[in-house]
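Q: Before I ask anything, let me first share the structure, which is written out below as structure tokens.
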Amino acid sequence: MPPVSEQSSDADLLRAIADGQTAALRLLHHRHAGWLRARLRRRCADVDVVDAAIQDTFVAVWGDARRYEERHADAAAWLWTIAVRRMVSALRGPAHRWLSGDSGDLPDIATTPSAEELVLLGVEHGALGPALDRLSPELRHLIEATALDGLTVREAAKLLGIPEGTAKTRLMRARIRLRELLT
Amino acid sequence: MTTVTVRGLSKRYGSLTALEAVDLEIGVGVTGLLGPNGAGKSTLLRCLATALGPDSGSIRVHGFDPAVPAQRTEVRRRIGYLPQNPGLYPNFTTYDLLDYVAVLKEMTDTRQRRAEVRRVLDEVELTDRAKTKVRKLSGGMRQRLGLAQALLGDPDLVILDEPTVGLDPEQRMLFRALISRIGERRTVLLSTHQTEDVGALCERVVVMSGGRVVFEGNPRELAGVADGQVWLSGNPPEGSAAYWRNADGLYRVIGQRPEGAEAARPSIEDGYLMLLGRATIAEVAR
Amino acid sequence: MSEWHVDPGLLQQYEQGVLNPSRVMAVEAHMSACATCRGRVPVDITWLTGNWSVVFDSIHAPQAGPVQRLLARVGLPEHRFRLLTATPALRWSWLIATLSVGALAVIAAWLAAAGETGGASRLFLVLAPVLPVVAVSGAYGSGVDPMHEITGTTPSAGPALVLWRAVAVIGAATALAGVAGLLLPGPGWYAAAWLLPALLLCTGTLALATVWSLQAAAVALGGLWLTGVCWVLGDRSEVFIPFVFGPIAQFVYLAAAAAAVAVLIRRRRHFDLGESR
Ligand SMILES: [Zn+2]
């Protein structure tokens, strides 16, 4: 296992982490903790919850970096999914921990980058942008949580503090409304 | 500023005299304790580290007297000690071992203690080995771990007994760099029987022989002991006690000037050998 | 990737939360795919170091096991637990040795009980008091602790540490011997008869250890007990139980143990390395 440096790719760092190199985990943490924090803080006002979610994320990565290697997915998206799920599961105490499975259980790659998210890359220049802006905040938050954050409807409901059933209907309404606005 | 003051220190083991009336003052910076095996270096260090009570004489560390039980604890709060055989538990991880010594050093607050363990791991560059068991560490790493435990609690006085013994040249270099960094603002006292260590990193040298201090000064002064007594000669000298052939095929002679020899600049080693020769003569005369 | 990147102004607006929703989503969607823009998010280095140190500690620091959690519940602080776990005699090798001696005594007693009645448990009564002494001898000192010279020159060294560890190992050994005693055939009080002799031997060992090493003291007192008891057993077998474990004998053990404790308290300083014994 060659030594890692600032120049190592995320995949190399994760391989070194799986090999037990603390230095690699530190580099990965220093590379990603900043933007993860900025993004999580837009979803949760409690800074302690945000900081703890980031810490949890890297502790989980240390224990389970091998899982990443198997899947060859984008490391940043993978880290984000872990972090946002950790944060959601911490939102209303340990009783809701089951939402994200066992604490050592990292999300499958299949749930990370969605097709809708790729569409959103065109938000800046496409017609989707104005449509999203015209959506009511409660509908938009659901789109954001599911399409952009990669959360399940149940997790999105928890993040937004609404019942799961409400979340389901709102998400359906949001999709219909978006389609109307786009045509 | 003087950190350690030693006056008339003596220690015997049965009929063997390990220390005899040692007087010494040591201040901030790196001081090397040089001497052959059995010169009393370890005994002196163990007395200073409060591992051993002397038979007579006095020690003061920052004014505290280790002979008085209450003050001995004060001394221990201010020292870090790496014994010659530290006996680090082979089944502990690097982190656990430091955590344990930190507890022994009265760091009862968990958060504070962990921060301190992280700090020393960083200082000796073992952060990446925090989870490695001691028995899996290389000799150099183990020695750095020994140094790290001595540094816990940021002691003013760091006592290292033969810290460079058994290290290969590369590890020795790394270790020297570490020690000189540590000695920038602390008092470091290390024993060695290698003159290169002294030349490379000590501001002061104390030479011991037969339980006595036979020299105290800086490395240049130690070399100066052999001033006018070191010669380079083309032929093997007759009747000289110490000489050897160097890389140029010349004979380096210490003592009387051989016929037709040229004077050479004395090294630390020359001074050291000169002193040991004198000490041996004095020993025999007594 | 697209040519478009998040410029510093936009990033600042994003962080301040003043962007309209679609632009926020655009920034986030772009950042999850663009390492350059992720790297442009300003980070407070103090926060980063602090956050990392928590991660580092969670990975490396020893995790509290069931034993520690149990002891924490009865008031044993975490740092004290660390001191006790490094006690040589609390390692498995010592515990297994203690356990096997106790088990042997019980097995022997059961085997003997098949043929003979009454005197069958004598072997246990003879051996049980020695078990805690064997454990104490492994509590502290250069003979059993390879790190003794480091341990002994820290501010925690000295009588307090010796006694903490001695109490911990005596506790463990007594518990093991106690369980063995309950499995013993014969009168029920046998299971407790050895406790006072054990107390005397332990306190006596510690008191004697202010003169000799802990190991030498343990061998001396353990040996003395075994020789004495075996002599009584061989010479006056018929009065063995009342003579060695009867009420008078028990009272003598208690008084002697008290005397040993007094000596121990007076001479406790001598547990220190820096003290010439
Ligand atoms: Zn970009």
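The values are calculated or read from the model by the stated rules, or taken from the named source; none is laboratory data. In this text, all values refer to a predicted model and were calculated from it rather than measured experimentally. Cβ coordinates were reconstructed from backbone atoms using ideal geometry, including for glycine residues, and neighbour counts include every protein chain displayed. For accessibility, only protein heavy atoms count, side chains too; no ligands or nucleic acids. Shrake-Rupley method; radii C 1.70, N 1.55, O 1.52, S 1.80 Å.
Q: Pairs please, first residue from region C:156-172 and within 14 Å of chain B (Cβ to nearest Cβ), second anywhere and open to solvent by less than 30 Å² (accessible area, probe 1.4 Å) and among the polar types (S, T, N, Q), Cβ atoms under 7 Å, 6+ apart in sequence or on different chains.
A: Pairs found: C:Ala157/C:Thr151; C:Arg165/C:Thr87.
Q: Among the residues of region A:135-167, what is the count of those that are open to solvent by 50 Å² or more (accessible area, probe 1.4 Å) and either under 21 Å from A:Trp78 (Cβ atoms) or touching a strand residue (DSSP E or B) at 6+ places or on another chain (Cβ under 9 Å) (or both)?
A: Going through region A:135-167 one residue at a time, the tally reaches 2.
Q: Restrict the check to region B:85-104 and report whether at least one residue is closer than 28 Å to B:Gly14 by Cα and of a type in the set (Gly, Ala, Ser). Quick ask: steps written out before the conclusion?
A: Of all residues in region B:85-104, those closer than 28 Å to B:Gly14 by Cα come to B:85-87.
Then keep just the ones that are of a type in the set (Gly, Ala, Ser); that gives B:87.
Taking every residue of region B:85-104 in turn, at least one turns out to be closer than 28 Å to B:Gly14 by Cα and of a type in the set (Gly, Ala, Ser).
Q: Scan region B:117-133 for residues that are more than 24 Å from the chain's Cα centre (by Cα), open to solvent by less than 30 Å² (accessible area, probe 1.4 Å) and under 25 Å from B:Arg76 (Cβ atoms) and jot them down.
A: Result: B:Val117, single match.
Q: Restricted to region C:12-26, and to residues that are at the interface with another protein chain (Cβ under 9 Å from one of its Cβ atoms) and within 56 Å of the chain's Cα centre (by Cα), which residue is farthest from the ligand (Cβ to nearest atom)?
A: By that ranking, first place goes to C:Gly17.
Q: Those residues that are without any contact (Cβ under 8 Å) to a residue 24 or more places away in the chain and at the interface with another protein chain (Cβ under 10 Å from one of its Cβ atoms), I need them from region A:36-60; list them, please.
A: A:Arg37, A:Ala38, A:Arg41, A:Arg42, A:Val47, A:Asp51, A:Gln55, A:Val59 - these are the residues of region A:36-60 that are without any contact (Cβ under 8 Å) to a residue 24 or more places away in the chain and at the interface with another protein chain (Cβ under 10 Å from one of its Cβ atoms).
Q: Same structure, new question: Open to solvent by 10 Å² or more (accessible area, probe 1.4 Å), away from chain C (no Cβ under 13 Å), touching a residue at least 40 places away in the same chain (Cβ under 8 Å) and of a type in the set (Asp, Glu), is that true of B:Asp23?
A: Against the criterion (open to solvent by 10 Å² or more (accessible area, probe 1.4 Å), away from chain C (no Cβ under 13 Å), touching a residue at least 40 places away in the same chain (Cβ under 8 Å) and of a type in the set (Asp, Glu)), B:Asp23 qualifies.
Q: Same structure again: Working only within region B:169-212, note down all residues that are of a type in the set (Phe, Trp, Tyr) and more than 14 Å from the chain's Cα centre (by Cα).
A: none
Q: Among the residues of region A:8-63, write down those that are open to solvent by less than 10 Å² (accessible area, probe 1.4 Å) and charged (D, E, K, R).
A: Within region A:8-63, just A:Arg39 meets the criteria.
Q: Would you confirm, using the coordinates I've provided, whether C:Ala61 is surrounded by fewer than 19 Cβ atoms within 10 Å (Cβ to Cβ), aliphatic (A, V, I, L, M) and within 48 Å of the chain's Cα centre (by Cα)?
A: yes
Q: While we're on this one: Which count do you get for residues in region B:48-76 that are of a type in the set (Gly, Ala, Ser) and closer than 16 Å to C:Arg269 by Cα?
A: 4
Q: Given the structure, is C:Arg38 more than 16 Å from the ligand (Cβ to nearest atom) and open to solvent by less than 50 Å² (accessible area, probe 1.4 Å)?
A: no
Q: Checking the conditions here, which among B:Arg72, B:Arg12, B:Arg46 is touching a residue at least 24 places away in the same chain (Cβ under 8 Å) and either farther than 30 Å from B:Glu269 by Cβ or more than 17 Å from the chain's Cα centre (by Cα) (or both)?
A: B:Arg12
Q: Scan region B:154-166 and give yes if some residue there is small (Gly, Ala, Ser), more than 12 Å from every other protein chain (Cβ to nearest Cβ) and closer than 30 Å to B:Pro36 by Cβ, otherwise no.
A: yes
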